[in-house]
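Read through the structure below, which is laid out as C-alpha cells, and then see the notes.
The values are calculated or read from the model by the stated rules, or taken from the named source; none is laboratory data. Given the structure is predicted, the values throughout are model-derived calculations rather than measurements. Cβ placement follows ideal geometry from the backbone for every residue including glycine, while neighbour counts extend to all protein chains displayed. Each accessible area value is taken on the protein alone, full model and side chains, heavy atoms only, with ligands, DNA and RNA left out. Shrake-Rupley method; radii C 1.70, N 1.55, O 1.52, S 1.80 Å.
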Amino acid sequence: MDKSQESLKITKERAAEIPNNHSVSFFTSTESISGSFDVAIIATSANVRFQAISNMLGKVSIRYVILEKVLFQEEVHYSQIEEVLHTLGVEKAWVNLPLKTYAHYNLIGKYLASLNERLAMTVSGTSWGLACNTVHYLDLFEFLANDKISQLQTDNIDKQIISSKRPDYRDWETDRKSTRLNSSHLKLSRMPSS
C-alpha cells in the first residue's frame, strides 16, 4: 500500500522481476483493503505510516508485516504499534533493512568472521540521507561485526538541520560513530554538497 501511484508502479515492476506463484495486491488507500493477507508491505512515508496501519484495524487480518524505515515521525507511535499489530493478527513484523541479505555482504561477513579481528568501517558521501539511512549501516555493521552496537556517539551532530531530498523531511551534515564492546568502530558521515 502506498498513496503514490508512481511508487506503486515501481513496486509492481520490481515484483514482476521476481519469479513467484503469489497473488500480489496493490492499494493506494486503506479504505479499499479488506480480507486476510499472509504478508503486508507498508511502504508509505513515515509521516502517515502509523495512521495507515491503524486504519486497517477491523478490516484485515495480516500474518506478517514488512515496514519501511524510518518507521514513524512521532515517538509515541513506537510504543503504540505493538498493540495495533497484535489487533491485526500479526505474528511477526520486520523493518526492511536488506543490506545484510545481499550476497556480497554475506561473503564479506564470512571472510571477516574467519579473521576474528576487530572491524573498522567507514561510510562517507554526499547527499545520502544520513538522518534516515544511518539505520541501514548500523544494521549492516552489526551483521559484519557479528555483535551488537553497545554505544552510539552523537556529540558531533550538527545543530543546523537541512532540507532532505523529500519535501517536508529533514537531514543533517555530521559524523556519527558507534562502537562495540570489543572495540570495533563504525563511522558515518555526510559531507556538505558542493
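Here are the numbers for the structure shown:
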{"read-out": "Fully extended contour minus Cα-Cα distance, from Ser164 to Glu31, at 0.36 nm per residue", "value": "44.9 nm"}
{"read-out": "Derived scalar couplings ³J(HN,Hα) [segment 110-116; Karplus, 6.51 cos²θ - 1.76 cosθ + 1.60; whole Hz; x for Gly, Pro]", "value": "5, 4, 4, 5, 5, 7, 6"}
{"read-out": "Additional length obtainable on full extension of the chain from Val95 to Glu6, 0.36 nm per residue less Cα span", "value": "29.8 nm"}
{"read-out": "Rounded accessible area of Thr126 (nearest 10 Å², 1.4 Å probe)", "value": "80"}
{"read-out": "Protein accessible area in segment 50-120, 1.4 Å probe - carbon and sulfur %", "value": "52"}
{"read-out": "Overall Cα dimensions of segment 29-87, principal axis frame, Å, largest first", "value": "29, 20, 18"}
{"read-out": "Extended-chain gain in nm, criterion 0.36 nm per residue less alpha-carbon gap, Glu74 and Ile108", "value": "8.6 nm"}
{"read-out": "Restricting segment 88-152 to GluC sites (Glu not before Pro) in coil, as DSSP defines it, with at most 15 other Cβ within 10 Å", "value": "Glu91, Glu117"}
